[in-house]
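One structure is given below, encoded as structure tokens.
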Amino acid sequence: MGRSVTCGSGNVFADIGVPNREEHMVKADVVMLIARLIEQHGLTQTAAARRIGLSQPDLSRLLKGQFRGYTEQLDVIDAMMQWVKEKLPES
């Protein structure tokens, strides 16, 4: 019995039919960048949360992919992106 393989679109949220798929993808991308920067800079979640402007429990939830409650809080995403931009080297 043969198996068929379907290529994804590059957005898992779109592939599985999640509403607001683009918003979910942006949040996931930002959180992955933050997790990588936290590791690269040897920061604790508490230190990273302070720099981003979140509480440590909120950052922990975001790093676990728990975005519920952050849908309308674009200022959180803006703060995260600002922190990421400050940490990324200039090209």
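Applying a threshold of 6 Å to beta carbon distances and a minimum spacing of six or more residues, or different chains, the list of pairs starting in the stretch 1-15 at a residue that is farther than 16 Å from Ala28 by Cα and ending at one that is acidic (Asp, Glu) reads Gly8/Asp15. Among residues of the stretch 32-52 that are more than 11 Å from Trp83 (Cβ to Cβ), none has a beta-carbon under 6 Å from a residue that is exposed (fewer than 15 other Cβ atoms within 10 Å of the Cβ) and modelled with pLDDT under 90 at least six positions away or on a different chain. Taking into account only those residues within the stretch 40-68 that are in a helix (DSSP H, G or I), under 12 Å from the mean Cα position of the chain (by Cα) and of a type outside the set (A, V, I, L, M), which is modelled with the highest pLDDT? Looking at the filtered set, the residue picked out is Ser60.
Of everything in the stretch 1-39 that is of a type in the set (S, T, N, Q) and within 16 Å of the chain's Cα centre (by Cα), the residue that is surrounded by the fewest Cβ atoms within 10 Å (Cβ to Cβ) is Asn20. Is it true that Val18 is at pLDDT 75 or above, under 27 Å from Gly8 (Cβ atoms) and in a helix (DSSP H, G or I)? It is false that Val18 is at pLDDT 75 or above, under 27 Å from Gly8 (Cβ atoms) and in a helix (DSSP H, G or I).
The values are calculated or read from the model by the stated rules, or taken from the named source; none is laboratory data. The structure presented is a predicted model; accordingly, all values stated were derived computationally and were not measured. Every residue, glycine as well, gets a Cβ built from its backbone with ideal geometry; the counts of neighbours run over all protein chains shown.
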